[in-house]
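Asker: Pasting in a structure now, in structure tokens, and then I'll have a few things to ask.
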Amino acid sequence: MRAILHHPDTAILGAAAALLTAVLTCGLLVPPLFGLLLGAAVAAGVAFLIFRFPTPFCVVWLVITGMSLEMTFADLIGDQAYQPTIALIKGIEIGLGFLCVLAFGPRLDPLCPAWAFLAMLVMGYVHGLYPGLTAGESLRSMIGSVTPFVFCFARVPRFWAEAIIRTTKWCPVVAVVACIPLTLAGIRPLFVESGGWRLAGLGHPAFLANVCQPAIYACLIQLYRDGRRGDLALLIVNGLILLLTGARAPFFYAAMVTALSLVSVRSAVFPPRQRLMLILSALVALPVLVALAGDLVDIRLFNVVANEATDLSGRTLLWPSFEDAASLSPWFGWGVGAGNAVIPADSEIVQQLHTWAAHNEYLRINVEGGLIGRTLLIALVIGWIVVGTRHLHPADRRVIRLAFIAYAGHASTDNVLISTPACVLFAFVTAVIARGRADRNVSPSALE
């Protein structure tokens, strides 16, 4: 017994053997339970592996999330695969977050934006939910809304943060490269036609674009910290991928954050001369691209610039319904999840636009939480970023704050909080903040 206690691996193997023996015994005594018990044993084994090695599993999850596989499965299997895939991805993140709390220790984050969704859930239950929205659906929507923030509540160490930041940089490239074999096999196209050709990768062009944004910010942060040419090259590649997605708002905001960072952030390892050359190259290329826009209409972004620069892709048809719903309960809203119930899935607008989402987070949150819920969410996001970035490396702080100013603008025309790319963004930001906490402490493992 004493020998076992001094060798944890022996104890672990002994416990696993005992569990497997119990499963086999129960399976022989009660055969219908064998499958269930075996599945539980496998799940326990996987959970133990994640507990022992949480960082590699989080990295793998981040790469998979950045691929937007819900779109891949929806195209290959059917629309019925879309929501279950999202639920699986977010469910895995919840499990990873819980195991990170167990492995690294818990951390109270009073400014985490997740608290706003919990408050809106309670307000909805007290005030009354939107007609047709059940309490269970509201709870499920709340869980999905807080999932991107689960890592905020774990005392993640520096090596976890570094791994997440490095992985974020490569997510768009992986999503594109992984699609190439499927394209060559004729299973899934790399580009889709939607008002011009758009790079989709394994997901949807808009989703890929929203993954490109944190990837670009990660490249900027690493470039300012280390000055590596590889990060500069990857920044350019991610910018090119974003351009080819044809997503106007993500490209505009990412370009603005990059330009302002290059102009205003100082760095000894990324000297002004290099930054100036990058800016001048972009300025030289811009007039050429504008002049060629009329000849490059097959590429969606140039098509839109040349022919539909002020078009909002039908968003204005969606917004009146949300404005009307919000006006009926202006203070407290209709509960988390009400945004999914405002426009019926079989309505003419959905048939035309293939979506019933608001494509405006301010409107959606106004419907779900009213003025109180929306104000609380905005205040928490601002407080979380300002306080969380207060002690960061100067370049990290400037880039993240600029990114969230852009994020506030982007939220007026897109679903930036409820889509899976939001999980990539907030995991990345959590990692940057966690690395900053580690930097300012004597011990890298002490994150408070």
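The values are calculated or read from the model by the stated rules, or taken from the named source; none is laboratory data. Computed from a prediction, not measured in an experiment: that's the story for all the values here. Counting neighbours? That spans all protein chains shown, and the Cβs are built from the backbone with ideal geometry, glycine included. Quick note on the areas: whole protein, heavy atoms, side chains included, nothing else; ligands and nucleic acids left out. Shrake-Rupley method; radii C 1.70, N 1.55, O 1.52, S 1.80 Å.
Asker: For Arg390, state whether it is surrounded by fewer than 22 Cβ atoms within 10 Å (Cβ to Cβ), over 24 Å from Gly203 (Cβ atoms), out of contact with any strand residue (DSSP E or B) (no Cβ under 9 Å at 6 or more places or on another chain) and modelled with pLDDT of 90 or more.
Answerer: yes
Asker: If you don't mind, another one. Please enumerate the residues belonging to the range 132-183 that are crowded, with 16+ Cβ neighbours inside 10 Å and basic (Lys, Arg).
Answerer: Once the filter is applied, which keeps residues that are crowded, with 16+ Cβ neighbours inside 10 Å and basic (Lys, Arg), the range 132-183 yields Arg155, Arg158, Lys169.
Asker: Can you pull out the residues in the range 237-263 that are open to solvent by 50 Å² or more (accessible area, probe 1.4 Å) and under 19 Å from Asp396 (Cα atoms)?
Answerer: Passing the criteria: Met256, Leu260, Val263.
Asker: Does the range 360-378 include one or more residues that are in a helix (DSSP H, G or I) and under 17 Å from the mean Cα position of the chain (by Cα)?
Answerer: Within the range 360-378, one or more residues are in a helix (DSSP H, G or I) and under 17 Å from the mean Cα position of the chain (by Cα).
Asker: So is Thr85 modelled with pLDDT of 95 or more, under 29 Å from Lys169 (Cβ atoms) and in a helix (DSSP H, G or I) or not?
Answerer: No; evaluated as a whole, the condition is false for this residue.
Asker: Here's something else I'd like to know. Between Val211, Val173, which is touching a Gly at 6+ places or on another chain (Cβ under 6 Å), at pLDDT 90 or above and closer than 25 Å to Trp61 by Cβ?
Answerer: Going through Val211, Val173 in turn, just one is touching a Gly at 6+ places or on another chain (Cβ under 6 Å), at pLDDT 90 or above and closer than 25 Å to Trp61 by Cβ: Val211.
Asker: Which one of Leu118, Leu62, Leu102 is under 21 Å from the mean Cα position of the chain (by Cα), surrounded by fewer than 16 Cβ atoms within 10 Å (Cβ to Cβ) and in a helix (DSSP H, G or I)?
Answerer: Result of the check over Leu118, Leu62, Leu102: Leu118.
Asker: Identify all residues within the range 65-81 that are buried (at least 16 other Cβ atoms within 10 Å of the Cβ) and of a type outside the set (D, E, K, R); write none if there are none.
Answerer: Hits for the range 65-81 are Thr65, Gly66, Met67, Ser68, Leu69, Met71, Thr72, Phe73, Ala74, Ala81.
Asker: Residues of the range 161-193 being in a helix (DSSP H, G or I) and out of contact with any helix residue (DSSP H, G or I) (no Cβ under 9 Å at 6 or more places or on another chain), which ones?
Answerer: Result: Val177, Ile180, Pro181, Thr183, Leu184.
Asker: Within the group Pro84, Pro110, which residue is of a type outside the set (A, V, I, L, M, F, W, C), open to solvent by 50 Å² or more (accessible area, probe 1.4 Å), without any contact (Cβ under 8 Å) to a residue 12 or more places away in the chain and within 21 Å of Ile385 (Cβ to Cβ)?
Answerer: Pro110
Asker: If Tyr407 satisfies all but one of (1) out of contact with any helix residue (DSSP H, G or I) (no Cβ under 7 Å at 6 or more places or on another chain); (2) surrounded by fewer than 20 Cβ atoms within 10 Å (Cβ to Cβ); (3) touching a residue at least 60 places away in the same chain (Cβ under 8 Å); (4) of a type in the set (Ser, Thr, Tyr), what's the number of the condition it fails?
Answerer: Tyr407 satisfies every listed condition except (2).
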